[in-house]
Every structure is written in C-alpha cells, then in structure tokens.
1. Quick check on my filter: what residues within segment 119-138 are open to solvent by less than 70 Å² (accessible area, probe 1.4 Å) and hydrophobic (A, V, I, L, M, F, W, C)?
2. Output the residues belonging to segment 131-176 that are of a type in the set (D, E, K, R) and not in a helix (DSSP H, G or I).
3. Between a first residue in segment 108-130 that is under 12 Å from ILE174 (Cβ atoms) and polar (S, T, N, Q) and a second residue that is at pLDDT below 95 and open to solvent by less than 50 Å² (accessible area, probe 1.4 Å), which pairs have beta carbons less than 9 Å apart while being 6 or more apart in sequence or on different chains?
4. Taking segment 139-182 as the search range and keeping residues that are open to solvent by 60 Å² or more (accessible area, probe 1.4 Å), free of Cβ contacts under 8 Å to residues at least 60 places away in the same chain and basic (Lys, Arg), which one is nearest to SER114 (Cα to Cα)?
5. List pairs: first in segment 94-106 and open to solvent by 30 Å² or more (accessible area, probe 1.4 Å), second of a type in the set (Phe, Trp, Tyr), Cβ under 6 Å, 6+ apart or cross-chain?
6. Tell me yes or no: at least one residue of segment 53-66 is in contact with a Pro (Cβ under 7 Å, 6 or more places away or on another chain) and either touching a residue at least 12 places away in the same chain (Cβ under 8 Å) or among the acidic types (Asp, Glu) (or both).
7. Is it the case that segment 29-39 has a residue that's open to solvent by less than 40 Å² (accessible area, probe 1.4 Å), in contact with a Ser or Thr (Cβ under 8 Å, 6 or more places away or on another chain) and either farther than 25 Å from PHE170 by Cα or of a type outside the set (Gly, Ala, Ser) (or both)?
Amino acid sequence: MEKKDTNAPVRTEKKMDRQHRILRVTKRLLIFAGISMALTVIIFIPTFYCGSRLLISWLAFECGIIGGFVSIQQRLKKIDDDELALLSKSWASILLVPIYGGIFALVLYVLFMSKLIEGSVFPTFAMPVFDNPPTTQNIVDLLKETYPQTPVDFAKFIFWSFVAGFSERFVPQIIHNVSKPK
C-alpha cells in the first residue's frame with residue numbers, strides 16, 4: 001500500500017505564497033524604479049533645454065539607486081522567507097537598499113574627486129580651481145562645473161556609480177580601507 005504525502009498541499013501552498021510575495025516585491029520595485037527614472041528625467045530636462053549644467057551628483061545618486069533596485073531583484077529568489085515577508089509588506093524596506101545605493105554612489109563620487117581612490121579603472125574629473133582663500137562661489141562652481149575629463153571617464157563614472165548601489169559592501173569596504181591608519 002502506498003503512503004500518501006499529507007504535507008504536499010502545505011508545501012504547494014507555501015511555494016505559491018512565496019511566489020506571490022516575490023511578484024508583489026517585483027511590482028513595487030518596478031513602480032519605484034519607474035518613479036525614480038521619471039524624477040531623473042524631470043530633473044535633467046532643464047539641463048538639456050535651458051543650457052544649464054548637468055549636476056553629476058544627481059546622476060551618481062540615480063545610478064546608485066538603479067543599482068540598488070537591480071540588486072534587490074537579483075537576490076529575490078535567494079532570500080529567506082522571513083526577509084521576503086518583510087519586503088512584501090513594507091514599502092520602506094524595499095526603498096532602503098536603493099536609497100543606500102544612491103548615498104554610496106555619492107560617497108564614491110567624493111572619493112573619486114578627492115583622489116583617495118584612483119587608477120586606470122576609475123574616472124578622473126576636471127574641477128574648477130579654488131581661490132585663496134576659498135569662497136562660497138568656489139563651492140557652487142565645484143558642484144556645477146565638476147565633470148569627468150573624457151567620455152571614457154564619464155562611462156567609468158556611470159559604471160562605478162551603478163556598482164556602488166548594486167554591491168552593498170563595495171563602498172563600505174573602500175571607506176574601511178581608506179580610513180585605516182598607515
């Protein structure tokens with residue numbers, strides 16, 4: 001006589017519940033990614049049509065956010081049920097990783113500008129010269145007129161900003177290494 005598996009319906013129900021949660025989180029990620037991209041377009045439209053300067057810091061932040069969204073989506077099927085349950089119930093939990101990604105991309109941008117990390121794989125920037133002593137206008141000019149030196153540097157900047165958001169440990173590890181006493 002064959003023994004019936006009485007746990008099969010429970011396993012099927014758990015699997016369906018997990019798939020439903022993954023779908024819910026994915027939909028929320030798409031909504032937030034879409035809103036984020038729309039806000040970026042709204043921010044950048046004046047820079048293209050009004051002759052204003054593109055603020056590279058905003059671009060770094062947005063690339064970090066996108067990296068964070070992609071990171072969460074890549075990990076969804078591997079995370080445990082408790083974390084998945086939290087993500088599916090909380091909008092804030094879904095936003096946390098991308099916002100950290102944006103912040104990490106800004107920190108990485110500062111590390112590039114300060115030349116605390118440099119090398120052929122990292123971008124270099126053309127920056128305005130400060131007066132002696134520096135003025136408030138120098139800071140404004142720094143924010144408005146700092147750009148990657150070449151198109152290749154621009155591409156590196158975009159790539160590393162995305163990586164800063166995608167890899168949650170990348171920028172904290174750099175900070176740790178840079179801040180070690182020598």
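1. Selection gives PHE122, PHE125, ALA126.
2. Correct list: ASP131, GLU168, ARG169.
3. Correct list of pairs: empty, since none qualify.
4. Within segment 139-182, the match that is nearest to SER114 (Cα to Cα) is LYS180.
5. LEU106/PHE61
6. Yes, because at least one residue in segment 53-66 is in contact with a Pro (Cβ under 7 Å, 6 or more places away or on another chain) and either touching a residue at least 12 places away in the same chain (Cβ under 8 Å) or among the acidic types (Asp, Glu) (or both).
7. No, segment 29-39 contains no residue that is open to solvent by less than 40 Å² (accessible area, probe 1.4 Å), in contact with a Ser or Thr (Cβ under 8 Å, 6 or more places away or on another chain) and either farther than 25 Å from PHE170 by Cα or of a type outside the set (Gly, Ala, Ser) (or both).
The values are calculated or read from the model by the stated rules, or taken from the named source; none is laboratory data. All values derive from a computational prediction rather than experimental measurement. Don't worry about glycine lacking a Cβ; one is built from the backbone with ideal geometry, like all the others, and counts go over all protein chains shown. In case anyone asks, the SASA skips ligands and DNA or RNA and just uses the protein heavy atoms, side chains included. Shrake-Rupley method; radii C 1.70, N 1.55, O 1.52, S 1.80 Å.
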